[in-house]
Structures are given as C-alpha cells and as structure tokens.
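The values are calculated or read from the model by the stated rules, or taken from the named source; none is laboratory data. Since the model is a prediction, treat every value here as computed from it, not as a measurement. Using ideal geometry, Cβ is built from the backbone for each residue, glycine included, and neighbour counts are taken over all protein chains shown. All accessible areas refer to the heavy atoms of the entire protein, side chains included, with ligands and DNA or RNA removed. Shrake-Rupley method; radii C 1.70, N 1.55, O 1.52, S 1.80 Å.
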Amino acid sequence: MLVEHSGLAVEKIRKILSDKGTVYFLGIGGVSMSALAELLIYRGYRVCGSDAVRGDGVLRIECLGGEVFVPHKCGNVRKILPSLLVYSLSIDCENAEYLEAKELGIPVISRAELLGALMQDYEVKITVMGSHGKSTVTAMLAKIFSDAGYSPTVISGADIGHGSTLLYGKTGIFITEACEYKRSFLRLFPDLCLLLNAELDHTDCYGSDEEIIGAFLDAAERSRAVIINGDDKNTRHIAEKAKRKVAIFGKGDADFLYEIKAGSDNEGVVRFKEGEDFKEIYLSLSVFGEHNFANAIAAFAAASRAGVPSESIAKSLAEFKGIPRRLELIKSSGRGDVYYDYAHHPTEIRKAIEALRNRGYKNIGVVFCPHTYSRTKSFFGEFAESLSKADFALITDIYGAREEPIPGIDAESLAHAVGEARGKGEYIRCDGAFEAIFSREWDCLVLMGAGNLDCIKNVIAKEK
C-alpha cells in the first residue's frame, strides 16, 4: 500500500522549517522531489535523501551539495536524524526509511504538504492545474515572467531549459504546477489559479468524471482568483459553480477570446480587456498544435492578470521553443522525423497525432509505452481508438511505476485491440525495437508515453 498525505498542519510545518534544520527527501531523485530539494539547498537548508537509483535528479542534488543514499535502506535516516522527512506519494508505507523516521519521532510529510508550506513565503502565488498541459504552460509562464524582468521562482514537471525542473528566482513571485494525484493540489495556497482542463486520468484515486470535477472545483475554491478554460465542458461547469472571481479564456464568450488563423495551428489573435481598453494581440508561436495554441492563451491570460504587459507576453510566447518530451523533435533524417512525447492519456495521444497530421506528415508511426496498469485498464478502448489514428502503433510493455500488474491487462492485448480499431498494432520488446521500427515505412515516428523509452531513443539516435 502506498503512503498518503500526513495531514500535518501547515503552521507546524512552517515552524519546523523556520529552524533551518536538515530536511530528508525519501525519493529525492524524482522530477518534483528533486526540484523541492534544490529549492531548499538554495535557501540554505542542509538537504539529504535517498533513492532507488542514482539518476539525473540524484546527481544534480549531489552536485549542489546534497547527500544522497542509494538505495533506500534502514539506518539512513538514523544516521542523519533530520528535523523533517519529506516523501513521494509513490513510496510504499512499509518503506524502511519511512518507518524508521516515524519510530524516531521525526515529522513526516508529503511533497505537496512541503510545497504548500514553502509557498507561504511568496507574495504572488500562481498554480497551474489540469489533466493535460500543466508543464508546458508552467514553462511558458516561466519564460514570460523572466523575460519581463520579474525573476520568478518556478517549479515544473519538466526541464524548464537548464537541466532542472526548478527556476530559482529573486522576487516574491512563485509559479508551480498543481498536481491532482491524490488531491495534492488541496495542500496548496494560490492567489491565482489557472485551470486548463479537467478529465478523468488517475483512475487509481478517482472513480468518475464527477469525482475529478469536484476535486478541481475544491482546488479552485482555495484560490483568490481563477482563470478557467471555457472550451472544456468540465471546466466550464466548474466556472459556473465557483464562488471565486473567475475569468474565462476560450473561443467563445470569454474574457480572453482567441481565434486561430485559418489553415494554421500556431498563429492567431487574442482579444481581451487591458485596463479600460479592449485590445487585440497577434500571436505567432514556435510550437505547433491547436492544443499548444490553447496553452499559450492560458499562459497569456494568467500573465496578463498578474500585470505583465501584453506586448511582452506575446514576444515571449513567440520565442518559446517547447519543453522536453512534448512533441520534441529529436532527429531528422532522410527516412523522416522522430519525436519524443510524454502523452500517456488517450486525449493526449489523439491531439499529438492530430497536430502531426496538420504538419503534413503522411505516414505516422507510434511507439507507445503504456503508463500504469490501472490507467491502461480504465481507458483500454480509448487507448486503442486513439492509437489507431496513427498508421501503425508498436506497443511496449506497460510501465507499472507504483503499481502491481493486473491480470489480463498487458501490452499484447492492447496491441491486438489497436489492430481491431482500424489500426496496425503490434507488441514489441525494447530489445526488438530496431527491427520493428526500421522494417516499416514512415515519415514521422513518435516515441510516446510517460515510461522510460530511452532504450529505444538511444537505438534510433545511432541509426544513420
């Protein structure tokens, strides 16, 4: 069984942090955990922790002066005796270090609870919520505010551009993704909340659309002001129920009304009120896909409401080059182009393939690594339908992450279902990827999923 949030009051967490003691991170190498560990190092704390492997996140923390044990084992926490232990929600409640800390009487809290406590030190706090697009919009906001001279502190779910998911700033502006997993966003305290969309995803902790909508509504109500996507039926429902000050961005009846140029998916205009005047700004993006244009409008709306001049916002968005694993072009050759994408939900897969079709690709192949057994089971039919939009789909073994296998839910079955849904589906192993990929004709290949596809990426990188 996995751990839950501790429930420790934010005032008590802040009191512990005020002593500037040692903070121990259990799972320190994770994308979000390493960002918080890095932030505390910059703020003068002694940071220690442990992880199962010495990955990039661990190496970065060690380079910054943190002490990391690999792997987790009993005795690590006793050796350090930290004033606070922070854990990832992917940690098992029987983890030896977690139990050791509790036995020693050391306060233990989740990553989200630490994030919520640290946010209190900033004057302007912006959170980015949604089932899809959080990391891209957070990175857009990081560039917008940085270019405008605000020097924000930003925590993202992807590399912001300098090898880290943290941008450490010098002012009172704090921007962060707000994760919905196990209602983590209910531990945060934003002044401005940006809600991109609301769709059932983490089916291991949400049972229905109604449940996820309710959770997003609860999170929105924690903010002083909310900016909501008016084109998503679920978020529109939230906007109608929210008691906070709400602004809408969308294609119709919106405070930030946008229109995409005909025949394009990365150019258009946004109309909005700035001060006493109504303005119209033309946007031309470096990233493509209608979903990314909507992401840009969301970032535009949030930055505008926070006081960034619209001309400055438009310039920053035009220069934004994207983030890793979001339709990231990793190779071009005479055979075709290869992209790396994090899509691990049927909606994300469908939008990515649509964006590539609009780029003019005629023969699109997908190598897909399903992420978690529960998600694969819950959206089995939807995955098959979305993947069938490609000309062929090669399915690798499910990346279980925090989960145990579910009988009957496997990559072979999904590949068969893709074939039945008018697509060409085939199960492959990573060590057989080269032959499967290069025996086919394609002008666009997408390595897709939240699991580890580096083994296949490295093979493709070596191909002439």
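Do any trypsin sites (Lys or Arg not before Pro) in region 267-326 lie in a DSSP loop with no more than 14 other beta carbon atoms within 10 Å, and if so, which?
Listed in order of number, the matching sites are Lys321.
Rounded, prolate or oblate for region 61-155? Axes are the square roots of the Cα gyration tensor eigenvalues, ordered a ≥ b ≥ c, and the cut-off for rounded is a/c under 1.5.
Verdict is prolate for region 61-155.
With the full set of protein chains in place, find how many percent of the accessible area of region 5-153 is carbon and sulfur; take the probe as 1.4 Å. Write down the numbers at each step before the final one.
Numbers: 2850 of 5570 Å².
The value for region 5-153 is 51 percent carbon and sulfur by accessible area.
Report the gain in length on full extension from Ser90 to Ala461: 0.36 nm times residue separation, minus Cα-Cα distance, nm rounded to one decimal.
Extending this stretch completely gives an extra 130.4 nm.
Using a cut-off of 13 Å between beta-carbons, work out the net charge of the residues near Ala415 (Lys and Arg +1, Asp and Glu -1, Ala415 not included).
Numbers: positive: Lys424, Arg429; negative: Asp397, Asp410, Glu412, Glu420, Glu426.
Here the count lands on -3.
State the percentage of accessible surface on region 274-400 attributable to carbon and sulfur atoms; use a 1.4 Å probe and exclude ligands, DNA and RNA.
48 percent
Provide the net charge surrounding Leu445, with neighbours chosen by a C-beta distance below 12 Å and charges set as Lys +1, Arg +1, Asp -1, Glu -1.
That sum, taken over residues with Cβ under 12 Å, equals -2.
How far is it, in nm, from the label point at Glu276 to the one at Asp443 when both lie 7 Å from their Cα along the line to the Cβ?
Each label point lies 7 Å from its Cα, and together they span 5.5 nm.
Within the set of other residues whose C-beta is less than 14 Å from the C-beta of Glu311, count the net charge using Lys and Arg as +1 and Asp and Glu as -1.
Charge balance near Glu311 sits at -3.
DSSP loop (so not H, G, I, E, B), at most 16 other Cβ within 10 Å: list which trypsin sites (Lys or Arg not before Pro) in region 220-249 pass both filters.
Here the trypsin sites (Lys or Arg not before Pro) that fit, given the DSSP loop and packing criteria, are Arg224, Lys243, Arg244.
Beyond 21 Å, what share of the Cα-Cα pairs of region 379-454 is found? Please give it as a whole percent. Could the numbers behind the result be given before it?
On the way: 664 of 2850 pairs.
In whole percent, the share of Cα-Cα pairs in region 379-454 beyond 21 Å is 23.
Given N residues in region 1-93, what is Rg(Cα) / (2.2 N^0.38 Å)?
So region 1-93 has a normalised radius of gyration of 1.02.
Looking at region 1-156, how many pairs of lysines come closer than 27 Å at the Cα, when each pair is eight or more places apart or spans two chains?
So the count works out to 16.
How much length would be gained if the chain were fully extended between Glu412 and Glu11, taking 0.36 nm per residue of separation minus their Cα-Cα distance, in nm to one decimal?
Gain on extension, Glu412 to Glu11, equals 139.4 nm.
How much length is gained if the chain between Leu59 and Lys362 is pulled fully straight, taking 0.36 nm per residue apart and subtracting their Cα-Cα distance, in nm to one decimal?
Between Leu59 and Lys362, full extension yields 105.0 nm more.
When only alpha-carbon atoms count, how far does region 333-399 stretch along each of its three principal axes, as whole angstroms with the largest first?
Result, largest extent first: 38, 20, 17 Å.
Rank these by accessible area, largest first, 1.4 Å probe: Glu62, Glu113. Don't jump to the answer; show the numbers that get you there.
Numbers: Glu62 60, Glu113 10 Å².
Ranking Glu62, Glu113 by accessible area, largest first, yields Glu62, Glu113.
Can you check how the C-alpha radius of gyration of the chain compares to 2.2 N^0.38 Å, as a plain ratio?
0.98
What fraction of the Cα pairs in region 128-222, stated in percent, has a spacing above 15 angstrom?
Beyond 15 Å sits 59 percent of the P(r) for region 128-222.
Taking the DSSP beta bridges in region 190-271 as the whole, what percent of them are antiparallel, to the nearest 5?
Values: 4 of 15 bridges.
Roughly 25 percent of the beta bridges in region 190-271 run antiparallel, per DSSP.
Among DSSP bridges having both ends in the chain, what percentage is antiparallel? Round to the nearest 5.
On the way: 19 of 75 bridges.
Taking every DSSP beta bridge with both residues in the chain, the antiparallel ones total about 25 percent.
Evaluate the charge dipole of the chain about its Cα centre and quote only its size in Debye, nearest 20, assuming +1 on the Cβ of each Lys and Arg and -1 on the Cβ of each Asp and Glu.
Numbers: 56 positive and 65 negative charges, 198 e Å.
Computed about the Cα centre, the dipole is about 960 debye.
Could you report the chain's accessible area per residue, 1.4 Å probe, as an integer in Å²?
For the chain, the solvent-accessible area averages 41 Å² per residue.
Using the alpha-carbon centroid of each, what span in Å lies between region 181-197 and region 306-366?
Region 181-197 and region 306-366 have Cα centres separated by 25 Å.
Quick one: order Tyr87, Tyr282, Tyr373 from most to least accessible surface, probe 1.4 Å.
Final ranking, largest accessible area leading: Tyr282, Tyr373, Tyr87.
Take the Cα pairs of region 242-299, get the Kirkwood Rh, then feed it into Stokes-Einstein at 20 °C and 1.002 mPa s and tell me D in µm²/s.
Roughly 178 µm²/s, to the nearest whole number.
Would you mind listing how long region 1-55 runs along its three principal axes, going by Cα atoms, in whole Å with the largest first?
Projected onto its principal axes, the Cα set of region 1-55 covers 32, 31, 15 Å.
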